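> Take this structure, written in structure tokens, and hold onto it; I'll ask about it next.
The values are calculated or read from the model by the stated rules, or taken from the named source; none is laboratory data. The shown structure was predicted, so the numbers you read here are calculated from the model rather than taken from an experiment. Quick reminder, even Gly has a Cβ in these numbers, built from the backbone with ideal geometry, and neighbours come from all protein chains shown. SASA here: full protein model, heavy atoms, side chains in, ligands and nucleic acids out. Shrake-Rupley method; radii C 1.70, N 1.55, O 1.52, S 1.80 Å.
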Amino acid sequence: MGACVHLINPSHVSFGVAVITPRWLYVLAAATGTRWGNPRLVDESLERTNFETIKPGDVVGIGIHTGNARRGYEIGRTARERGAWVVYGGIHATLYPEEAHEHGAAHAVVKGDGDLIWQTVVSDCLEGRPARIYDGGRVAGERFVAARWDLLPPDSYMWASVQTVRGCPKHCSFCSVWRTDGQEPRQRDADPVIQEIVELRRLGFRFIALADDNFYPVTFDDLAQARRRSDPTRLQELEAIRQGRFDFMAKLATLPDDLVFYTQITMEAAEDPDFLAAMRKARIRGALVGVESVTKAGLKDVYKGFNLFGDELVARLRAFRRYDVHVLGSFIFGLPSDNAETFDATVRLAEQADLTFAQFVLLTPFPGTVDFEKWERDQAQQDIKVDGVPITRHWLIPQERRPKLYTEHPTMTLEEIRVGTQHAWDRFYSWRNVWARSRVVKSLRARVAFVLVSKLYRQMYANTGIATDSARVARSARWARLMGRAARRLFLAQPMPDLAVPGSQA
Ligand code: B12
Ligand code: SF4
């Protein structure tokens, strides 16, 4: 038998079911082609890798972000011991290609997008001469590879994910996207995205995440600035991107009406009632909005001056709801201007602004960000280590020993911030509050589903990430595994194998 290509998405916890498909696995699977047979896909958030399936001479592609890099390196080392070619890619490998060689026994590392370069990498490995580092670059929107959804394991995911745009014009201090994916939006043509969605609906998926960095890449302000230039080229480019958004949403609106979409967007989108109306028509029912902080000082901390605060913030977030777009508000705790009042004030605002979901994350210096660079410089004098690993490489510390917070706070202890954050989750997701919020849906079945999903979300993202008590983490993982199985059924619909792509004979 010939060599096999394996693609592995590392995770230190497996839940048996997962919320969203890791899109890169299915995109790289398509990019592999069929020359070497179908690639074997492993998503460790479902189940651990079975190393017995990896044979000498196989190629093992491992995709890592910062949070799962350590587990990724473990997998790579074992795969290499078994005689396989080991290749890393993904955002963390793009930022630290040498680390994957040092810690992950890499033969090769791919920086940037894997869509176009992956076949060359596999061929080079199989010919026994992989390059140390490849640069996949930033692939243009019209050349993004469509995912191979025929390789999805059955009964495993609640949401599928497609991507319509990469890159974000903003430059928030805690985010690396604008540096790795670039500030120029690379927008994909609408038709291949619609084609993928139709394929997913045929399989029975109703819930689809638009895994975009920022679904509203052109704001009124961007247009006004471009209008002030004497050369009209920029304005025309921006108008074309913007029109592309409306055209795409118009096409979404022609798909079966049980489909529900979810995206990530800046709150600036609420400035444009036409955009919100188009979202409603397209059935984009949910959006993650990075609110980050409820104070002006907090927004300044994260270079997010384009966000609003106070009453204006509440009004802007409520605007989404008027157009039936439910907001998952994302907040960061541990900013220098935060104080003991911040936790309650944030939950209060989330309630006032009618947020349907919320997440409260601890300020983490992710590599590739402005925050990280500053923090790394500050740490240089202190030389703090955990288990021999410098704190500035915190992702290499074993998960259970990893600090929950990294930056000394001017007024609060780290424990106060951690406990305050845990309380914010507990309060926003108390049974009483979740049941009250479940009024957003009509039937009793839908309300029960809403409660289940809210609790599941909380367990998967809060307790396994923030809690320091390992019993609480293990309990949460067990609970999430059980609930996940029950909740998954609520998400799927009857497959529609004969569904045609609107406007085509396919
Ligand atoms: C959708 C999304 C989510 C979704 C779905 C996650 C999932 N299961 O897929 C949700 C909302 C659940 C989520 C959660 C989180 N996310 Co997220 N997410 C994204 C987002 C917007 C898109 C990811 C995506 O699907 N892209 C589409 C695929 C096709 O692109 P890709 O993954 O980049 O893969 C391409 C290349 O990287 C490369 N590649 C990837 N892997 C491999 C492997 C090989 C071998 C090769 C050759 C190439 C290769 O080729 C691919 C095709 O071109 C990214 C932003 C981004 N620009 O990456 C953030 C991002 C990955 N998330 C991020 C973070 C921080 C998180 C959270 C930790 C947030 C939190 N605090 O809770 C959690 C962690 C969840 C977890 N445990 O994995 C950060 C990661 C930063 C970092 N340095 O690691 C990003 C970059 C966003 C940011 N603002 O900085 N996320
Ligand atoms: S946080 Fe969101 S808005 Fe800010 S740079 Fe990252 S993707 Fe863009």
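> Please compute the modelled spin-label separation between Arg377 and Gln494, points set 7 Å along Cα→Cβ, answer in nm with one decimal.
6.2
> Per-residue HN-Hα couplings for segment 420-429, Karplus 6.51 cos²θ - 1.76 cosθ + 1.60 at θ = phi - 60°, whole Hz, x for Gly and Pro?
x, 5, 4, 5, 4, 4, 4, 6, 5, 9
> Can I ask one more? How big is the Rg/Rh ratio for segment 1-143, C-alpha atoms only, Rh by Kirkwood, two decimals?
0.93
> Starting from the Cα coordinates of segment 58-122, work out the convex hull volume and express it per residue in Å³.
Cα convex hull per residue, to the nearest whole number: 63 Å³.
> Can I ask one more? For the chain, what is the convex hull volume of its Cα atoms per residue in Å³?
Measuring per residue, one finds 160 Å³ for the Cα hull of the chain.
> Using the basic label-point model (7 angstrom from Cα toward the beta carbon), what is the Ala240 to Asp191 distance in nanometres?
1.7
> Ignoring ligands and nucleic acids, what accessible area does Ile20 show with a 1.4 Å probe (Å², nearest 10)?
It works out to around 70 Å².
> Right, something else. Can you list residues whose amide H is under 5 Å from Phe215's amide H, if they're 5+ apart or on another chain and H is modeled 1.01 Å from N?
Placed amide hydrogens put Gln264, Ile265, Thr266 under 5 Å from Phe215.
> Mind checking which aspartates and glutamates have their Cα closer than 16 Å to the Cα of Lys455? Skip sequence neighbours fewer than 8 apart in that chain.
Cα-Cα hits under 16 Å: Asp426.
> Turning to a different aspect of this structure: In segment 152-287, what percentage of the DSSP-assigned beta bridges are antiparallel, given to the nearest 5?
Bridges in segment 152-287 that DSSP calls antiparallel: roughly 20 percent.
> Pairs of alpha-carbon atoms within less than 8 angstrom and 6+ residues apart define the contacts here; what relative contact order does segment 1-127 have, in percent?
27 percent.
> How about segment 98-163: which GluC sites (Glu not before Pro) there are in a DSSP loop, with at most 16 other Cβ atoms within 10 Å of their Cβ?
Glu127
> Can you pull a Stokes-Einstein diffusion coefficient for segment 1-45 at 20 °C (1.002 mPa s), Rh from Kirkwood over Cα pairs, as a whole number of µm²/s?
My calculation gives 187 µm²/s for D.
> Does segment 126-192 come out rounded, prolate or oblate by the C-alpha gyration tensor, with a ≥ b ≥ c the root eigenvalues, rounded set by a/c under 1.5 and, if not, prolate when a/b is larger than b/c and oblate if not?
Note, shape of segment 126-192 comes out oblate.
> When we measure straight from the Cα of Lys111, which aspartates and glutamates land under 13 angstrom away, once same-chain ones fewer than 8 places off are left out?
Glu98, Glu99, Asp135, Asp181
> I need the GluC sites (Glu not before Pro) found in segment 374-440, filtered to DSSP loop residues with at most 12 other beta carbons within 10 Å of theirs.
Glu408
> Next up: Regarding segment 315-407, what is the average projected area of its C-alpha convex hull, in nm²?
7.9
> If you take the charge dipole of segment 130-288 about its Cα centre, with +1 on Lys and Arg Cβ and -1 on Asp and Glu Cβ, which of Cys175, Tyr134, Met249 is farthest toward its positive end?
Tyr134
> Further question on the same structure: Please report the relative contact order for segment 194-279, taking Cα pairs under 8 Å with a sequence separation of at least 6, and give it as a percent rounded to a whole number.
47
> Hey, another quick one. Any of Lys251/Lys442; Lys170/Lys404; Lys281/Lys304; Lys251/Lys281; Lys170/Lys300; Lys300/Lys404 with alpha carbons more than 21 Å apart? Name them for me.
Going by Cα-Cα distance, Lys251/Lys442; Lys170/Lys404; Lys281/Lys304; Lys300/Lys404 fall outside the 21 Å limit.
> Given Cβ point charges of +1 (Lys, Arg) and -1 (Asp, Glu) and nothing else, what value in debye, to the nearest 20, does the dipole of segment 308-355 about its Cα centre take?
220
> Right, here's the next one. Using 0.36 nm times the number of residues separating Asp150 and Ser123, minus their current alpha carbon distance, what extension gain do you get?
Separation in residues times 0.36 nm, less the Cα-Cα distance, equals 7.4 nm.
> State, as an integer percentage, the relative contact order of the chain based on alpha-carbon contacts under 8 Å between residues 6 or more apart.
13
> Also: Pull the list of the chain cysteines that no other Cys approaches to under 4.7 Å, Cβ to Cβ.
Cys4, Cys125, Cys168
> Classify segment 325-372 from the C-alpha gyration tensor, please: rounded if a/c falls under 1.5, else prolate or oblate depending on whether a/b exceeds b/c.
The shape class here is oblate.
> How much of the DSSP beta bridge set in the chain is antiparallel, as a percent to the nearest 5?
If we restrict to bridges inside the chain, about 10 percent are antiparallel.
> Apply the Karplus parameterisation 6.51 cos²θ - 1.76 cosθ + 1.60, with θ equal to phi minus 60°, to every residue of segment 315-331 and state each ³J(HN,Hα) to the nearest whole Hz, in sequence, with x for glycine and proline.
4, 5, 5, 5, 4, 4, 4, 4, 9, 6, 9, 7, 9, 9, x, 10, 10
> In nanometres, what is the gap between the two model label sites at Asp221 and Arg318, each 7 Å from Cα along Cα-to-Cβ?
2.3
> Need the full-extension length gain, Tyr303 to Glu142, defined as separation in residues times 0.36 nm minus the C-alpha distance. One decimal, nm.
The Tyr303-Glu142 span can extend by a further 54.8 nm.
> Can you put His326, His171 in order of accessible area, largest first, using a 1.4 Å probe?
His171, His326
> Further question: Can you give the Rg to Rh ratio for segment 222-361, taking only C-alpha atoms and Rh from Kirkwood?
Value, to two decimals: 1.03.
> Residue by residue through segment 50-55, what is 3J(HN,Hα) from phi via Karplus (6.51 cos²θ - 1.76 cosθ + 1.60, θ = phi - 60°)? Round to whole Hz and write x for glycine and proline.
9, 5, 4, 7, 8, 10
> With a Cα-only, solvent-free Debye model of segment 195-304, what are the log10 I(q)/I(0) values at q = 0.18, 0.20 Å⁻¹?
Taking Cα atoms of segment 195-304 as identical point scatterers yields -0.97, -1.10.
> Do the sum for the chain: with -39,500 (n - 2.57) for every DSSP H run of n ≥ 4, divided by all residues, what is the mean residue ellipticity at 222 nm, to the nearest 500 deg cm²/dmol?
Calculated at 222 nm, the ellipticity per residue is -12000 deg cm²/dmol.
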